[in-house]
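Undergrad: One structure, as structure tokens, below. Some questions next.
The values are calculated or read from the model by the stated rules, or taken from the named source; none is laboratory data. Predicted, not measured: the structure shown is a model, and the values here were computed from it. All Cβ positions, glycine included, derive from the backbone under ideal geometry; neighbour counts span all protein chains shown. What goes into the accessible areas is simple: the full protein's heavy atoms, side chains included, and nothing from ligands, DNA or RNA. Shrake-Rupley method; radii C 1.70, N 1.55, O 1.52, S 1.80 Å.
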2 protein chains.
Amino acid sequence: MSDADFDLTQFLPYLLNQAAEASSLEFQKIYKDRYGMLRTEWRVLFHLGLYGRMTASEIGARANMHKTKISRAVQRLAERRFVTRSRDDADRRVEHLALTAQGQAAYADLHQVAQRYDDELTAGLGPAERAALKKMLVALSAKFPAGFT
Amino acid sequence: MSDADFDLTQFLPYLLNQAAEASSLEFQKIYKDRYGMLRTEWRVLFHLGLYGRMTASEIGARANMHKTKISRAVQRLAERRFVTRSRDDADRRVEHLALTAQGQAAYADLHQVAQRYDDELTAGLGPAERAALKKMLVALSAKFPAGFT
DNA sequence: TTGTAATAGTTGTTTTTGTAACTAACAAGC
DNA sequence: GCTTGTTAGTTACAAAAACAACTATTACAA
């Protein structure tokens, strides 16, 4: 029944999922408890916090997130007054999103948590290893060129 | 608006999620198209294929999967005649799961695909890097000791 | 025994996600 | 002007996941 040399726990997609899930838990607890946010929502929040005002499509392209996810995340974030939406005058299909003061505050808080948390997660690694790990992960993410519409 | 030294795309939970999602896509396509399976289902299948007959709880403990997920995965796998369930005589709460011939065949096929796919994913890395990557991922997965019930 | 707690697994209900179809606005060709 | 095609974003419906409550069985202690 067992196979010569295949170890499920070494299968990269499996391993990545496990690591992703495990490493997201603690952070999730925080954005959920403090702000009632979902994963899609903190991501949108972070994009706006980091890169400033942008449109849903731009966020989608950067985050590799489907537009319906973003639409719903923005809706909830707007309801809770974390972001504002404003129509573009030139092209009235597009909507510019930006953080409110409250959104900025939440972002500042979570951003700081994230940074600390990231340090904590990679505490066991030397700087070189840490960089190597992230580089490999970026490469893996890029391998499949985001076939999203 | 932008922050001195925080890069979202370098935030480990984010990065891991991106990599996990990206690297799962191709494999997902295969188990879905060929066998109509969900992620939970191929995982159960692999556990049985790899470790032989075992119970739902054992799978849950190993795979860090909630019991309801497993219950439903097993249900579907049993309906489609990939696994059989048999009650334990000594303790009639527990059920032993095992692959049918059909289940074995599916496992053999997918197992081989997985192996190839894993090689492909890590093709750009040397053996040492590959090992280091996996080791770090295992460590990250283990960091949070599976608070599941 | 019998009463309480624990364990294996299932079922029901609610959230979230995925997928596809849709509206509204623009663009370009004719 | 009118088609036809494209893009931004939303909405509706189906699939999947999360969470909580449940049944059945065993364990164990008074």
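Undergrad: Consider B:Tyr35 carefully, then state whether it is over 15 Å from the mean Cα position of the chain (by Cα) and either crowded, with 22+ Cβ neighbours inside 10 Å or within 16 Å of DNA strand D (Cβ to nearest atom) (or both). I'd like the intermediate steps shown before the answer.
TA: Details: over 15 Å from the mean Cα position of the chain (by Cα): yes; either crowded, with 22+ Cβ neighbours inside 10 Å or within 16 Å of DNA strand D (Cβ to nearest atom) (or both): yes.
Yes; evaluated as a whole, the condition is true for this residue.
Undergrad: If you check A:Ser24, A:Ser86, which single one turns out to be open to solvent by less than 90 Å² (accessible area, probe 1.4 Å) and touching a Pro at 6+ places or on another chain (Cβ under 7 Å)? Walk me through it before giving the result.
TA: On the way: A:Ser86 fails: touching a Pro at 6+ places or on another chain (Cβ under 7 Å).
The match here is A:Ser24.
Undergrad: Does A:Ser57 satisfy the criteria of being away from chain B (no Cβ under 14 Å), among the hydroxyl-bearing types (Ser, Thr, Tyr), closer than 19 Å to B:Thr9 by Cα and within 14 Å of DNA strand D (Cβ to nearest atom)?
TA: On the way: away from chain B (no Cβ under 14 Å): yes; among the hydroxyl-bearing types (Ser, Thr, Tyr): yes; closer than 19 Å to B:Thr9 by Cα: yes; within 14 Å of DNA strand D (Cβ to nearest atom): yes.
So A:Ser57 passes the test.
Undergrad: State the number of residues belonging to the stretch B:7-28 that are more than 18 Å from A:Leu15 (Cα to Cα) and outside any loop (DSSP other than H, G, I, E, B).
TA: The qualifying residues number 3.
Undergrad: Given the options A:Arg62, A:Arg53, name the one that is within 18 Å of A:Ala106 (Cβ to Cβ), open to solvent by 70 Å² or more (accessible area, probe 1.4 Å) and in contact with a strand residue (DSSP E or B) (Cβ under 9 Å, 6 or more places away or on another chain). Explain how you work it out, then say what you get.
TA: Working: A:Arg62 fails: within 18 Å of A:Ala106 (Cβ to Cβ).
On inspection, the qualifying residue turns out to be A:Arg53.
Undergrad: Moving to a separate point now. In the stretch A:114-128, which residue that is over 15 Å from A:Glu41 (Cβ atoms), in contact with a helix residue (DSSP H, G or I) (Cβ under 8 Å, 6 or more places away or on another chain) and open to solvent by less than 50 Å² (accessible area, probe 1.4 Å) is farthest from DNA strand D (Cβ to nearest atom)? Reasoning before the result, please.
TA: Restricting attention to the stretch A:114-128, the residues satisfying the condition of being over 15 Å from A:Glu41 (Cβ atoms) are A:115-128.
Narrowing further to those that are in contact with a helix residue (DSSP H, G or I) (Cβ under 8 Å, 6 or more places away or on another chain): A:117-118, A:121-122, A:124-125.
In the following step, the residues that additionally are open to solvent by less than 50 Å² (accessible area, probe 1.4 Å) were identified as A:117-118, A:121-122, A:125.
On the way: A:Tyr117: 19, A:Asp118: 22, A:Leu121: 20, A:Thr122: 24, A:Leu125: 27 Å.
Applying the filter and picking the extreme gives A:Leu125.
Undergrad: For the stretch B:51-142, which helices (runs of 4 or more DSSP H) that fit wholly inside it have 3 or more residues that are away from DNA strand C (no atom under 15 Å from the Cβ), under 14 Å from the mean Cα position of the chain (by Cα) and not hydroxyl-bearing (Ser, Thr, Tyr)?
TA: Helices (runs of 4 or more DSSP H) meeting the threshold: B:101-121.
Undergrad: If you check B:Ala101, B:Ala106, which single one turns out to be open to solvent by less than 70 Å² (accessible area, probe 1.4 Å) and modelled with pLDDT of 95 or more? Steps first, answer last, please.
TA: Working: B:Ala101 fails: open to solvent by less than 70 Å² (accessible area, probe 1.4 Å).
Testing whether each residue is open to solvent by less than 70 Å² (accessible area, probe 1.4 Å) and modelled with pLDDT of 95 or more leaves just B:Ala106.
Undergrad: While we're looking at this one, here's another question. Give me the pairs: first residue in the stretch A:5-21 and crowded, with 18+ Cβ neighbours inside 10 Å, second residue not in a helix (DSSP H, G or I), beta-carbon distance under 7 Å, and six or more apart or on different chains, which are they?
TA: Within 7 Å, the pairs are A:Leu12/B:Thr122; A:Gln18/B:Asn64.
Undergrad: For the stretch A:68-87, which positions are touching a residue at least 12 places away in the same chain (Cβ under 8 Å) and over 19 Å from A:Tyr35 (Cβ atoms)?
TA: Selection gives A:Ser71, A:Ser86.
Undergrad: Would you mention how many residues in the stretch A:62-83 are of a type outside the set (Lys, Arg), within 14 Å of chain B (Cβ to nearest Cβ) and either more than 23 Å from B:Ala19 (Cα to Cα) or more than 9 Å from DNA strand D (Cβ to nearest atom) (or both)? Please lay out each step first, then the result.
TA: Here is the first cut: in the stretch A:62-83, the residues of a type outside the set (Lys, Arg) are A:63-66, A:68, A:70-71, A:73-75, A:77-79, A:82-83.
From what is left, the residues that are within 14 Å of chain B (Cβ to nearest Cβ) are A:63-66, A:83.
If we keep only those that are either more than 23 Å from B:Ala19 (Cα to Cα) or more than 9 Å from DNA strand D (Cβ to nearest atom) (or both) too, we end up with A:63-65, A:83.
Final tally of qualifying residues: 4.
Undergrad: Looking at the stretch B:122-134, I want the residues that are facing another protein chain (nearest Cβ under 10 Å) and farther than 17 Å from A:Leu15 by Cα and have a partner that is in a helix (DSSP H, G or I) and at pLDDT 90 or above with Cβ atoms under 9 Å, at least 6 apart or on another chain. Which pairs are those?
TA: Partner pairs satisfying both residue conditions: B:Gly124/A:Met136; B:Gly124/A:Ala139.
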